[in-house]
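Notes to accompany the following structure.
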Amino acid sequence: MLGKVLVRRIGRKEIRAVITETEAYHGLKDKASHAARGKTKRNAPMWGAAGHWYVYFVYGNHWMLNLVTGPEEYPAAILIRGISKIKNQKSKFRRSASQTLIKNKDGVVSGPGRVAKFLKIDGSLSGRPASRKTGLWIEDGGEKIKPSRIKAAARVGVNYAGKEWAGKKWRFKLL
């Protein structure tokens, strides 16, 4: 997903941004995954078909945007942790968000809660397909990403999962 274009349509306006950071969650054995605790109403979209959104609320104030990636009945998803403005895109991208969301002049939104806030994501998208019809989808921007431009690191905020699962280098960042 790194380097792909995330598109959010709200009314007549479209926001396009390059996905710059993700984090993977893989199956029932992954102790950092919501799936490790079994299927619930909240995480049920993870058991659905790939290409659907799994959106959940954490810490009482942050929505998190994930794309389901596994086959049906196998809970796997990718959390979108960071996006950046597409070069030569009109300045609407920057003006549409509060200045606290975009941390630098390059138009980077870092952190999954900030990404969701910037794109006006909420739970109404959970379980829905990534498509134009739902107003949130992913496109191929045509950029080929060389492996040397991808940094793998440990996932963030999952120490509760134990050393093995918290230490998995399943967070990926575009350099």
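Please treat every number below as a calculation from the coordinates, not as lab data. Everything quoted here is computed from the prediction, not taken from an experiment. Every residue, glycine among them, receives a Cβ derived from its backbone with ideal geometry; neighbour counts consider all protein chains shown.
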*With 26 Å as the limit, write out which pairs from 146/169; 31/151; 120/169; 31/85; 146/168 have Cα-Cα distances beyond it, or answer none.*
120/169; 31/85
_With +1 on the Cβ of every Lys and Arg and -1 on the Cβ of every Asp and Glu, and nothing else charged, how large is the dipole of the stretch 5-174 about its Cα centre, in debye rounded to the nearest 20?_
700
*Dipole of the stretch 5-174 [Lys/Arg +1, Asp/Glu -1 at C-beta], most positive-end residue of 69, 158, 107*: 107
_Cut-off under 5 Å, modelled amide H: who pairs with residue 130 long-range_ = 52, 53
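Order 71-81, 121-131 from most to least packed using the mean count of other Cβ atoms within 10 Å.
Ranking the peptides 71-81, 121-131 by packing returns 71-81, 121-131.
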_Nearest-20 debye value, the stretch 1-57 charge dipole, Cβ charges on Lys, Arg, Asp, Glu_ = 280
_Could you give the length gained by full extension between residue 41 and residue 106, i.e. 0.36 nm per residue of separation minus their alpha carbon distance, to one decimal place?_
19.6 nm
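So, R0 is 22 Å and r is the distance between the beta-carbons of residue 58 and residue 154; what FRET efficiency does that work out to, to 0.05?
Working: r = 19 Å, r/R0 = 0.85.
So, using R0 = 22 Å, E works out to roughly 0.70.
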_Separation of the residue 133 and residue 169 label points, Cα + 7 Å toward Cβ, nm_ = 4.1
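Could you grab the relative contact order for the chain? Cα pairs under 8 Å, six or more apart, rounded to a whole percent.
On the way: 378 pairs, mean separation 47.4, N = 175.
Contact order relative to length: 27 percent.
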